[in-house]
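> Okay, handing you the structure first.
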Amino acid sequence: MAMVVKNNMSAIDTLNILNKNSSALSKSLQKVSSGLKINSAADDASGYAISQRMQVQIRSLDQDNQNTQNGSSMMKVAEGAVSSTVDILKTLKEKVVNAANDTNTDADRATIQKELDQSIDQINDNANVTFNGQYLVDGSHNSKVTATTTAMTNQALASSTVSTTAITALANRNGENLNIHSSDTVTISYVKQGKTTTISTTVGTKELKDIFALASKDIATTMQTGSWIGLDASGNSVYTASGSAAITVSAKGSGVTNQIAGLTISITDNTGKVNKSANAVLDSFSESVRAQNKSSDNAIVLQVGTKASQSIKVGLTDMRAVALGLQGTSGSTLNVSTQAKANVAINVLDNAVQKALDQQTTIGSVESRLEYTSSNLTTASQNVQASESTITDADMAKEMTEYTKNNVLLQAAQSMLAQANQSSSSVLSLLK
């Protein structure tokens, strides 16, 4: 090998190796210090892109889980309000049953009326509960609703009963005659806008439709027979649970202002004695379609997925006293000032309890679903995190081994570079 001084190729080669070792050591230091084997796209372009997408997925899943928990908190607030209303309605049922007992004087019933009025006021307060400034069960978060009409169905009468059946020929579901006589008195009572209406007439030769004709200003005169009851708030047909024929009566108008909150039909003979078996059957008109006002879709949307429209929609109905049939839009409340009015109020409270329980059940089912959703999101986040870990996390034992190797090589290169730089000095011996 020629002895040269201008280009020390041994030193240059050693320097290149030294630079490579230095770069490798730097990368090893970065991996060991960060715990990641991919610190930038330069380390692994495709792996970096995949890991970043996974991190977006993880953060989105974690936010979905937070959304779910916030939604669950909102539902708990709503359920608390409705639960309180149910408790109040239970108490009110006791009060009106008490008021219907003639051991009470008019003064006693007036006292009960005061309690009832205060309780109804509290029901309105419950309906105004808020979460993060949003009202929940005041009707402002309804799902899309078409105006519906109160429908009350009686499945205790014989399935062959039609609107033209004579009152004296009415029979129960087993076909047993109700023993109603032409000399008996039939009384129909109902509550609308918090006001009680009671109308009585002699049975005579009247047909079933003639009973409701007495209340034609508030109740539709056409009688609905068969298994079809009417249309619900979504415009879907509603049928009897058993699929058998039944008598259904409807309010004359749609919406809350026209709803019939309770319906009572009773039979007494010419001595005033109550026909209990007939009343038990005729008093079985229960609300099968709830009256609601028309509403746009204001349901609560809980975003629980990483993609658009992966959400849970919750429609919360109106839990105010007016919607429950306990109060009129003018402020008049359910009246129990007399035995007859208190007796009608019993059915009103039964319907109100059912409405509140339906809402409580809806909220409870959403809460249960949110718990499952939260658990699923937690599991999904953990699984994606595990997948992302296999791509980006460094094997520390392997990286320490690599670091040690690169460190030794760097020191060796530094030593050899010093030796290579000394090799040119031997040329000086020729110049002496």
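The values are calculated or read from the model by the stated rules, or taken from the named source; none is laboratory data. Just so we're clear, the structure is a prediction, and the values are computed from it rather than from any experiment. Heads up, the Cβs are rebuilt from the backbone with ideal geometry, glycines too, and the neighbour counts pull from every protein chain shown.
> All but one of (1) under 15 Å from Asn343 (Cα atoms); (2) of a type in the set (Gly, Ala, Ser); (3) surrounded by fewer than 18 Cβ atoms within 10 Å (Cβ to Cβ) hold for Ser277, so report the exception by its number.
Result: Ser277 passes all but (1).
> Determine whether Gly325 is surrounded by fewer than 17 Cβ atoms within 10 Å (Cβ to Cβ), in a loop (DSSP other than H, G, I, E, B) and at pLDDT below 95. Give the steps one after another, and end with the answer.
On the way: surrounded by fewer than 17 Cβ atoms within 10 Å (Cβ to Cβ): no; in a loop (DSSP other than H, G, I, E, B): yes; at pLDDT below 95: yes.
It is false that Gly325 is surrounded by fewer than 17 Cβ atoms within 10 Å (Cβ to Cβ), in a loop (DSSP other than H, G, I, E, B) and at pLDDT below 95.
> State all residues of the range 174-194 that are surrounded by 15 or more Cβ atoms within 10 Å (Cβ to Cβ), touching a Leu at 6+ places or on another chain (Cβ under 9 Å) and assigned to a strand (DSSP E or B); if no residue qualifies, say none.
Matches in the range 174-194: Val186, Ile188, Ser189, Tyr190, Val191.
> I've got another one for you. Would you say Lys217 is without any contact (Cβ under 8 Å) to a residue 40 or more places away in the chain, within 28 Å of Lys341 (Cα to Cα), surrounded by fewer than 19 Cβ atoms within 10 Å (Cβ to Cβ) and charged (D, E, K, R)?
Working: without any contact (Cβ under 8 Å) to a residue 40 or more places away in the chain: yes; within 28 Å of Lys341 (Cα to Cα): yes; surrounded by fewer than 19 Cβ atoms within 10 Å (Cβ to Cβ): yes; charged (D, E, K, R): yes.
Judged against the criteria, Lys217 is a match.
> Could you please give the count of residues in the range 222-238 that are at pLDDT 85 or above, in a strand (DSSP E or B) and under 23 Å from Leu170 (Cβ atoms)?
3
> Next question. Given the conditions (1) free of Cβ contacts under 8 Å to residues at least 24 places away in the same chain; (2) of a type outside the set (Lys, Arg); (3) within 19 Å of Ala342 (Cβ to Cβ), and given that Ile188 satisfies all but one, which numbered condition is not satisfied?
Ile188 satisfies every listed condition except (1).
> Separate question: Determine whether Ile229 is without any contact (Cβ under 8 Å) to a residue 40 or more places away in the chain, surrounded by fewer than 21 Cβ atoms within 10 Å (Cβ to Cβ), of a type outside the set (S, T, N, Q) and in contact with a strand residue (DSSP E or B) (Cβ under 6 Å, 6 or more places away or on another chain).
Details: without any contact (Cβ under 8 Å) to a residue 40 or more places away in the chain: no; surrounded by fewer than 21 Cβ atoms within 10 Å (Cβ to Cβ): yes; of a type outside the set (S, T, N, Q): yes; in contact with a strand residue (DSSP E or B) (Cβ under 6 Å, 6 or more places away or on another chain): yes.
No; evaluated as a whole, the condition is false for this residue.
> Is the range 259-274 home to any residue that is loosely packed, with under 14 Cβ neighbours inside 10 Å and on the phi > 0 side of the Ramachandran plot?
Taking the range 259-274 first, the residues loosely packed, with under 14 Cβ neighbours inside 10 Å are 270-274.
If we keep only those that are on the phi > 0 side of the Ramachandran plot too, we end up with 272.
Checking the range 259-274: at least one residue is loosely packed, with under 14 Cβ neighbours inside 10 Å and on the phi > 0 side of the Ramachandran plot.
> Among residues belonging to the range 365-377 that are loosely packed, with under 15 Cβ neighbours inside 10 Å and not aromatic (Phe, Trp, Tyr), point out the one that is farthest from Asn101 (Cα to Cα). Spell out the reasoning first.
To start, the set of residues in the range 365-377 that are loosely packed, with under 15 Cβ neighbours inside 10 Å comprises 365, 368, 371-372, 375.
Remaining after also requiring not aromatic (Phe, Trp, Tyr): 365, 368, 371, 375.
Working: Ser365: 38, Ser368: 42, Glu371: 46, Ser375: 52 Å.
My answer is Ser375.
> Please go through the range 144-172 and give me each residue that is without any contact (Cβ under 8 Å) to a residue 60 or more places away in the chain and assigned to a loop (DSSP other than H, G, I, E, B), ordered by number.
Within the range 144-172, Ala158, Thr164, Thr165 meet the criteria.
> Quick check, is Thr306 assigned to a loop (DSSP other than H, G, I, E, B), surrounded by fewer than 22 Cβ atoms within 10 Å (Cβ to Cβ) and at pLDDT 90 or above? Before you say what the answer is, go through the steps one by one.
Working: assigned to a loop (DSSP other than H, G, I, E, B): yes; surrounded by fewer than 22 Cβ atoms within 10 Å (Cβ to Cβ): yes; at pLDDT 90 or above: yes.
So Thr306 passes the test.
> Take the range 123-152 and flag every residue that is under 20 Å from Gly325 (Cβ atoms), surrounded by 20 or more Cβ atoms within 10 Å (Cβ to Cβ) and touching a Ser or Thr at 6+ places or on another chain (Cβ under 8 Å). Write out each step before concluding.
Restricting attention to the range 123-152, the residues satisfying the condition of being under 20 Å from Gly325 (Cβ atoms) are 123-128, 137-140, 142, 145-152.
Now drop any that are not surrounded by 20 or more Cβ atoms within 10 Å (Cβ to Cβ), which leaves 123, 126-127, 137-139, 142, 145, 148-152.
Within the range 123-152, Ile123, Asn126, Ala127, Val137, Gly139, Asn142, Val145, Thr148, Thr149, Thr150, Ala151, Met152 meet the criteria.
> Any idea which of Asn39, Asn21, Asn104 is part of a loop (DSSP other than H, G, I, E, B) and under 30 Å from Asn407 (Cβ atoms)? Lay out the reasoning, then the answer.
On the way: Asn21 fails: part of a loop (DSSP other than H, G, I, E, B); Asn104 fails: under 30 Å from Asn407 (Cβ atoms).
Being part of a loop (DSSP other than H, G, I, E, B) and under 30 Å from Asn407 (Cβ atoms) holds for just one of Asn39, Asn21, Asn104, which is Asn39.
> Restricting the range 33-77 to residues that are of a type in the set (D, E, K, R), surrounded by 15 or more Cβ atoms within 10 Å (Cβ to Cβ) and free of Cβ contacts under 8 Å to residues at least 24 places away in the same chain, which is nearest to Thr317 (Cα to Cα)?
So the residue we want is Asp44.
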